[in-house]
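Here is the structure we will look at, set down as structure tokens.
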Amino acid sequence: MTLINENYLKLPEYYFFNEIEQKINAHKVVHPKADVIRLGLGDVSQPLPGEVVKAMENAIRELSKIETFRGYGPETGYRFLIDKIIKYDYNARGVSLEPDEVFISDGSKSDVGNIGHIFGRDNIIAITDPVYPVYENAAIMGGRSGHLTEQNIWSNIVYIPCTPENNFIPELPTDKVDIIYLCYPNNPTGVALNKAELKKWVDYALENQAIIIYDGAYVAYINEDDIPHSIYEIKGAKKCAIEIRSYSKTAGFTGLRCSYTIVPKEIIGYTLMNEKIKINKLWNRRATTYYNGTSYIVQRGAEALYSRKGFKQYQTNIDYYLTNASIIRQEMIAAGYEVYGGVNAPHIWIKTPKNTPSWRFFQELLYEINVVCTPGSGFGQGGEGFFRFTAFNSRENTIEAMSRIKKRM
Ligand SMILES: Cc1ncc(COP(=O)(O)O)c(C=O)c1O
């Protein structure tokens, strides 16, 4: 008799975004001619930068010849990409890293979930609320969530409220926590932390021997000066923070899959006997055992983003999305909505009118004007009464969706 991991049974049957898909598909079956505009999903719409395509074409030609063929690569990534990451993403911002502190992966969702593997089950996890759902789901699957309380939250997870009252800037927990997930610029609220705000978290982690898992999936959207691009810009962070970044929303790699995780060698975890262990060693052991490396072709594609032309090309896409974000912000404010984010992020976080529950508002927009938003409650209890638009659709669709919103009023 094979026993299952019963923690999976604690989860809803479908991952949040799959549930939205099902509702949209059902609507399309009933209204096959409906021109549905999706301002909800987190996928990009602009094609890959030309330099990426060129580099991947070259790479595939290399693989097609006996002299230049390559099979398995290094599990943690090729040096040609790691060295560029260190030089352009970190050294350029005053941060030094060693090559074996950089781990190339096939997307940050995998690493955000898998990182829990190297930590003890009894750690107390803290997440902001609302939050990207994977952090909480992974804590539940990994047996760290405890039980569901009467308030419909998990007993062993510490939720840090992000509300209009605190400008969606999380305050330090009063309970002691061991692992803290922070995502900035934030999905779903679109808010970014400045240096002083992030420093508070680094200081907290250092004082409490906690580890921050810093999800920087949207770093490329930072527009304003005082916003740190990397948590390592804050003094001491290399002793307490793991940073995860992705090329998905930066350069249209959602389908290609490439990301990286930084695990500095200074970060220490403890055994029950109080022995100090380097977290880097554990993550390296895990990566080399469970993973056989991101494809050579894709890593060559990612490398091309660090060329002058590649940088310009993906920056054009980022500007395109940020202009969409600005259009959504302006139009929604003009339509009388309470609007947050969308300045340093492709996400716009909006209060539903008259406190309409998030899922009801999602249905109203879908059924009345064929516009898809993401219901805020899917990001946690703190998201109830909000919805999220993203800037990833085309300019035409973004403008059309805004015009439908206006007409609906
Ligand atoms: C905050 C955040 N982290 C990570 C991811 C995962 O990105 P990927 O797996 O494509 O790198 C997403 C995707 O939407 C996200 O919003």
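The values are calculated or read from the model by the stated rules, or taken from the named source; none is laboratory data. Everything quoted here is computed from the prediction, not taken from an experiment. Cβ atoms come from the backbone with ideal geometry, glycine included; neighbour counts cover every protein chain shown. Calculation scope for accessible area: heavy atoms of the full protein, side chains included, ligands and nucleic acids excluded. Shrake-Rupley method; radii C 1.70, N 1.55, O 1.52, S 1.80 Å.
Spin-label model, Thr271 to Tyr88: label points 7 Å out along the Cα-to-beta-carbon direction sit 4.2 nm apart.
Take the solvent-accessible surface of the protein heavy atoms, probe 1.4 Å, and return the percent of it on the stretch 56-305 that carbon and sulfur atoms account for. After summing per-atom areas, the C and S share lands at 49 percent.
Below 8 Å between Cα atoms, with a sequence gap of 6+, how large is the relative contact order for the chain in percent?
23 percent
About the Cα centre of the chain, what is the dipole size in debye to 20, counting +1 per Lys and Arg Cβ and -1 per Asp and Glu Cβ, all else neutral?
For the chain, the charge dipole is close to 820 debye.
In the structure shown, the pairs Lys23/Lys406; Lys33/Lys354; Lys10/Lys354; Lys200/Lys276; Lys84/Lys235; Lys10/Lys278 are assessed against 27 Å; a Cα-Cα span above that value is assigned to Lys33/Lys354; Lys10/Lys354; Lys10/Lys278.
Here's the picture: charge each Lys and Arg Cβ at +1 and each Asp and Glu Cβ at -1 in the stretch 56-305, and of Val134, Gly107, Ala220 the one pushed furthest to the positive end of that dipole is Gly107. The chymotrypsin sites (Phe, Trp or Tyr not before Pro) of the stretch 236-322 include none that DSSP puts in a loop with a beta carbon having at most 12 other beta carbons within 10 Å.
Note on Asn166 and Lys309: the extension gain reaches 47.4 nm, defined as 0.36 nm multiplied by sequence separation minus the Cα-Cα distance. For the set Lys109/Lys249; Lys54/Lys312; Lys199/Lys281; Lys239/Lys312, the pairs lying more than 24 angstrom apart at their alpha carbons are Lys199/Lys281; Lys239/Lys312. Springs between Cα atoms under 10 Å define the GNM used for the chain, and in it the highest mean-square fluctuation of Val372, Val53, Val29 occurs at Val29.
Heavy-atom accessible surface of the chain, averaged per residue, reaches 47 Å², computed with a 1.4 Å probe.
Restricting to DSSP loop positions (anything but H, G, I, E, B) with no more than 14 other Cβ atoms inside 10 Å of their own Cβ, which chymotrypsin sites (Phe, Trp or Tyr not before Pro) remain in the stretch 25-89?
Filter output for the stretch 25-89: Phe69, Tyr72.
Where both residues lie in the chain, what percent of DSSP beta bridges are antiparallel, nearest 5? Bridges in the chain that DSSP calls antiparallel: roughly 55 percent. The length gained on full extension between Gln22 and Asp122, counted as 0.36 nm times the residue separation minus their Cα-Cα distance, comes to 32.4 nm. In the complete set of protein chains, residue-level accessible area for His347 is approximately 0 Å², probe 1.4 angstrom.
For the stretch 61-161, GluC sites (Glu not before Pro) are listed when DSSP marks them as loop and at most 13 other Cβ atoms sit within 10 Å of their Cβ; the list is Glu67, Glu150. Placing unit charges on the Cβ atoms only, positive for Lys and Arg and negative for Asp and Glu, gives the stretch 315-380 a dipole magnitude near 180 debye about its Cα centre. For the chain, the mean residue ellipticity at 222 nm estimated from helices alone is -10500 deg cm²/dmol, where every DSSP H run of n ≥ 4 contributes -39500 (n - 2.57) and the total is divided by all residues, rounded to the nearest 500. Each of Val177, Tyr90, Val52 was placed along the dipole of the chain (beta-carbon charges, centred on the mean Cα), and the one lying farthest toward the positive end is Val52.
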